[in-house]
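The values are calculated or read from the model by the stated rules, or taken from the named source; none is laboratory data. In this text the structure is predicted, and so the values were computed from the model without any measurement. Cβ atoms come from the backbone with ideal geometry, glycine included; neighbour counts cover every protein chain shown. The protein model used for the area step is the full one, side chains on, heavy atoms only, and it has no ligands, DNA or RNA in it. Shrake-Rupley method; radii C 1.70, N 1.55, O 1.52, S 1.80 Å.
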Amino acid sequence: MKFSRKTVLGTVVAVSTLLTTAACGSGDDSGKDSSAGTVVVPDPGGDLGKAMKKAFFDPFEKKTGIDVVLSSGEFDAAVVLTGVKAGAPAFDLVNINGAVLQRFRDSSALEPIDYTLWKDGVRDKIAPVKAAADAVPAYYISIVPAWSTGKLGDKALNSWADFWNVDKFPGKRTLAPGSWGAGGATFEIAALADGVAPKDLYPIDYDRVFASLDRLKPNLVKFWETGAEPIQLLTGGQVTVASAWNGRVAGAQDKGTSVASTWNQSILQYDNWALLKGAKNAGNAQKLLAFMMESGPQADFANAITYSPANSAAFDLLSDDRTALLPTSPENVASAVTQNYDWWTAAAPGTDKSNEEVAIERWQAWASK
């Protein structure tokens with residue numbers, strides 16, 4: 001399956017990455033003077049990678065002398081788990097999507113977090129999702145209803161029901177594919193559009209979801225395949241309304257693109273920091289994590305990219321203008337719907353499959369009609 005914003009690589013490429021990064025974790029740091037040691041972390045690349053480097057990794061290296069070794073290539077959960085089971089984890093500290101975290105827990109692939117290294121009070125400030133014994137939220141993003149202001153003018157959507165309302169808001173639509181499971185939030189979106197209250201969203205009623213999608217299907221141009229595609233479809237004129245990640249919308253607006261969005265019923269998603277079992281540089285990984293979760297670096301991260309900080313105290317260090325762009329600001333989060341990853345990864349009643357696996361099977365059958 002395709003997890004969130006990360007494209008799964010082919011096995012050959014992923015194994016190659018695993019072997020290369022495992023070597024880094026063993027102390028091969030490309031000739032750097034790393035007397036203070038190293039810590040190996042996957043590099044997510046793009047704007048996210050740049051923001052992490054600026055806010056977290058470079059300041060940590062300067063403060064501690066510990067080298068943060070960034071391994072390029074997309075994160076493939078199956079390959080990473082294979083490395084852990086073999087006793088040769090490719091990384092020390094990893095960034096795991098919420099819908100995938102349970103796979104690592106089920107495989108006993110995570111080390112407990114050493115909260116004694118954290119500054120007093122920091123753990124209590126991790127919100128709205130709390131820090132766990134083996135994982136802590138890294139940042140928050142949202143999938144929002146977005147539209148072309150060039151086509152709709154002053155008309156503004158305020159819900160997923162508006163997304164479905166092609167009479168009031170005419171034009172073609174695009175959503176993420178349900179084959180991503182929880183990744184694109186399409187199941188939650190279709191249920192909310194059909195009038196399901198956020199508090200009643202889980203367990204998801206698949207019959208209701210697909211009946212809702214049936215109604216929209218004549219107006220769907222396609223299911224988008226990358227985070228950039230919704231904005232491309234909006235600006236290219238192929239669609240008028242799209243589901244999109246808030247950061248993509250903000251980036252387009254910064255470039256003067258005629259797109260808008262609403263925070264109402266935004267679908268809040270998050271990734272987690274976690275330490276891999278058997279990490280070669282576990283001590284340094286614990287230090288890096290403790291540093292990253294302080295309010296200062298968290299605020300620097302939110303200033304570098306429109307993802308919300310995990311440490312709510314960071315909002316005290318952000319301007320009002322910047323806060324308004326972030327998914328978990330007090331105003332924006334009030335109407336948000338947080339994805340329930342515990343439900344997505346739980347066993348579906350009467351089956352040996354997860355709810356996500358069942359959803360994907362239902363999707364594939366529906367999409368093939």
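In square nanometres, what is one fourth of the surface area of the convex hull spanned by the alpha carbons of the range 129-275?
The directionally averaged projection comes out at 9.5 nm².
Label point of residue 50 set 7 angstrom out along Cα-Cβ; within the range 250-267, amide nitrogens under 19 Å from it belong to 250-257. Taking the inverse of the average 1/r across all pairs of different Cα atoms in the chain, what Kirkwood radius in Å do you get? Here the Kirkwood hydrodynamic radius works out to 21.3 Å. Computed over the alpha-carbon atoms, the range 56-182 gives an Rg to Rh ratio of 1.10, Rh here being the Kirkwood radius from the mean inverse distance. What the phi angles of the range 54-71 give under the Karplus curve with 6.51, -1.76 and 1.60, with θ = phi - 60°, is a coupling list of 5, 8, 10, 6, 5, x, 5, 4, 5, 6, 10, x, 7, 7, 8, 8, 9, 9 Hz, glycine and proline written as x. Going Cα to Cα from residue 63, which aspartates and glutamates come in below 16 Å? Please leave out same-chain ones fewer than 8 positions away. Straight-distance partners of residue 63: 33, 294, 300. In a simple Cβ point-charge model (Lys, Arg +1; Asp, Glu -1; nothing else charged), the chain has a dipole of about 620 debye relative to its Cα centre.
Restricting to Cα atoms and excluding each atom paired with itself, what does the Kirkwood estimate give for the range 260-300 in Å?
Final number for the Kirkwood radius of the range 260-300 is 13.1 Å.
Going by average Cβ neighbours within 10 Å, how do the peptides 65-72, 150-157 rank, with the highest at the top?
Numbers: 65-72: 18.8, 150-157: 14.0.
Ranked from most to least packed, the peptides come out as 65-72, 150-157.
Between residue 155 and residue 235, the simple spin-label model (points 7 angstrom out along Cα→Cβ) gives 2.3 nm. Among 305-316, 138-149, the peptide with the highest mean count of other Cβ atoms within 10 Å heads the list, and the full ranking is 138-149, 305-316.
Over the range 232-321, the Kirkwood radius and the radius of gyration, each from Cα atoms, give a ratio Rg/Rh of 1.09. At a 1.4 Å probe radius, carbon and sulfur cover how many percent of the accessible area of the range 100-197? Percent of accessible area from carbon and sulfur atoms in the range 100-197: 48.
What's the Kirkwood radius of the range 214-369 in Å, using all Cα pairs? Don't jump to the answer; show the numbers that get you there.
Numbers: mean 1/r = 0.0533 Å⁻¹.
18.8 Å is the Kirkwood radius here.
For q = 0.17 Å⁻¹, what log10 I(q)/I(0) does the range 57-118 give under the Debye formula with an equal point scatterer on each alpha carbon and no solvent? Relative scattering, expressed as log10 I(q)/I(0), comes to -0.74. Taken one residue at a time, the phi angles of the range 363-369 give Karplus couplings (6.51, -1.76, 1.60, θ = phi - 60°) of 4, 4, 5, 5, 5, 7, 6 Hz. Gly and Pro are set to x. Under 16 Å of direct C-alpha separation, and excluding same-chain neighbours fewer than eight residues apart, residue 353 reaches these aspartates and glutamates: 106, 342, 361. Using the Karplus relation 6.51 cos²θ - 1.76 cosθ + 1.60 with θ = phi - 60°, the per-residue 3J(HN,Hα) values for the range 259-266 come to 10, 9, 7, 10, 7, 5, 6, 4 Hz, with x marking Gly and Pro. Amide H to amide H distances under 5 Å link residue 244 with 144, 146, where only residues 5 or more positions off or on other chains count and H is placed in the peptide plane.
Counting only heavy atoms of protein chains, what accessible area per residue, in Å², does the chain have with a probe of 1.4 Å?
Here the per-residue accessible area is 42 Å².
The modelled label-to-label distance for the pair residue 258/residue 321, using points 7 Å beyond Cα in the direction of Cβ, is 2.5 nm. Normalising the average separation of contacting C-alpha pairs (under 8 angstrom, six or more residues apart) by the number of residues puts the relative contact order of the chain at 25 percent. Adding -39500 (n - 2.57) for every DSSP H run of four residues or longer, then dividing by how many residues the chain holds, sets the calculated 222 nm ellipticity at -10000 deg cm²/dmol.
As a test, work out the antiparallel percent of DSSP beta bridges whose residues both lie in the chain, rounded to the nearest 5. Write down the numbers at each step before the final one.
Details: 27 of 39 bridges.
Taking every DSSP beta bridge within the chain, about 70 percent pair in antiparallel fashion.
Legend: residue pairs 53/255; 53/119; 53/199; 130/168; 119/280; 50/155, Cα-Cα distance threshold 28 Å; pairs beyond threshold, 53/199; 130/168; 50/155.
Here's how it looks for residue 111: its modeled amide H is under 5 Å from those of 275, 276, 277, which are all 5 or more places away or on a different chain.
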